Amino acid sequence: SESPRSHFGSRRVGQLSIYSLRTMAASIVAVTNTALEVLPPEVRAIAHAFMYATRIRLVDGLVKAVLYSNKTWSQEGESIIKLTWEHGSQLAAFACMYKAANRLVGAVTGGTTGGGHQVHAAVAGFLGGWMVWGRYSKFNETLNLYLYGRVLYALAQTAQARGYLPKSETLPAGSGYRWWSAIVWMIVMYQFERGQKKHPIQSSLYSSMDYLYHKSDGVGFQAWGAKLGRGAEIMPLAVIAVVLAKLRQ
């Protein structure tokens, strides 16, 4: 059995490791703060974009690699780096262009700068959208579709708040959520059932919908497990575990 001295030693090493990590983290924060203080807002926006993208893509990529992917760890690492760079570089390019264009438009018109004027923001957003997000790629398409949905939702809320749409009795005044949700799902399900060739839906969305609404008509592993990737065989047990854990709460 482990002696008290060795146990104390292991605990001490663990405490020192945690202390070292905290010290290193504090040093990184201090250096980052010092570096960003001397940089113009456009460059700080680039740094923010890459930090945000890395936070999102690294965690998302690792989770998918463990649960779903059939690739090797080397291939997964290359994929995560590629996606992180694409995400970060696109966000950085837009953030830098947006802040610079906002400042330029404000200087030309003699108005406020730094995002304080909605018209300046709209012009800067248009320029950035055209120059950065207007170049077609799967990532750009996905983000544009995401923003499109958010914009439609906001417009539905505005329309209801101004009386163009009736208010829902089950939701707070000014919320167009039910109208937005109903219209979105009506259109997307119609497009899905019409077929991918007649109404092309984004491929990843169509694949997910096909798994949920068409593959569920079949039986066997090819019907329920093929799309789930690595670890699909244990998914039924995982689902049961989640349900039982929820029932015990």
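Numbers below:
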item: Pair list, Cβ < 6 Å and 6+ apart or interchain, from region 180-197 residues that are at pLDDT below 80 to residues that are not in a loop (DSSP other than H, G, I, E, B); result: Trp180/Tyr153; Trp180/Ala156; Gln196/Tyr206
item: Residues satisfying the stated conditions in region 36-60, i.e. of a type outside the set (Lys, Arg) and more than 20 Å from Ala100 (Cβ to Cβ); result: Thr54, Ile56, Leu58, Val59, Asp60
item: Verdict on His87 being touching a Lys or Arg at 6+ places or on another chain (Cβ under 9 Å) and more than 25 Å from Ala53 (Cβ to Cβ); result: no
item: Any chance Leu104 is within 23 Å of the chain's Cα centre (by Cα) and either farther than 20 Å from Pro41 by Cα or not assigned by the TED database to the domain that holds Ala238 (or both); result: no
item: From Ser79, Ser74, residue being among the hydroxyl-bearing types (Ser, Thr, Tyr) and without any contact (Cβ under 8 Å) to a residue 12 or more places away in the chain; result: Ser74
item: Residue match in region 117-130 (condition: farther than 17 Å from Pro41 by Cα and of a type in the set (S, T, N, Q)); result: yes
item: Among residues of region 203-225, those that are at pLDDT below 75 and within 27 Å of the chain's Cα centre (by Cα), counted; result: 1
item: The one condition in (1) within 30 Å of Met235 (Cα to Cα); (2) aliphatic (A, V, I, L, M); (3) surrounded by 15 or more Cβ atoms within 10 Å (Cβ to Cβ); (4) at pLDDT below 85 that Leu58 fails to fulfil; result: (3)
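Quick grid of which residues meet (1) surrounded by 12 or more Cβ atoms within 10 Å (Cβ to Cβ); (2) over 30 Å from Tyr206 (Cα atoms); (3) at pLDDT 80 or above:
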| residue | (1), (2), (3) |
| --- | --- |
| Ala35 | yes, yes, no |
| Pro41 | yes, yes, yes |
| Thr54 | yes, no, yes |
| Leu83 | yes, no, yes |
| Leu91 | yes, no, yes |
| Phe94 | yes, no, yes |
| Val105 | yes, yes, yes |
| Trp133 | yes, no, yes |
| Phe139 | yes, no, yes |
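The values are calculated or read from the model by the stated rules, or taken from the named source; none is laboratory data. In this text the structure is predicted, and so the values were computed from the model without any measurement. As a convention, Cβ positions derive from the backbone with ideal geometry for all residues, glycine included, and neighbour counts pool all protein chains shown.
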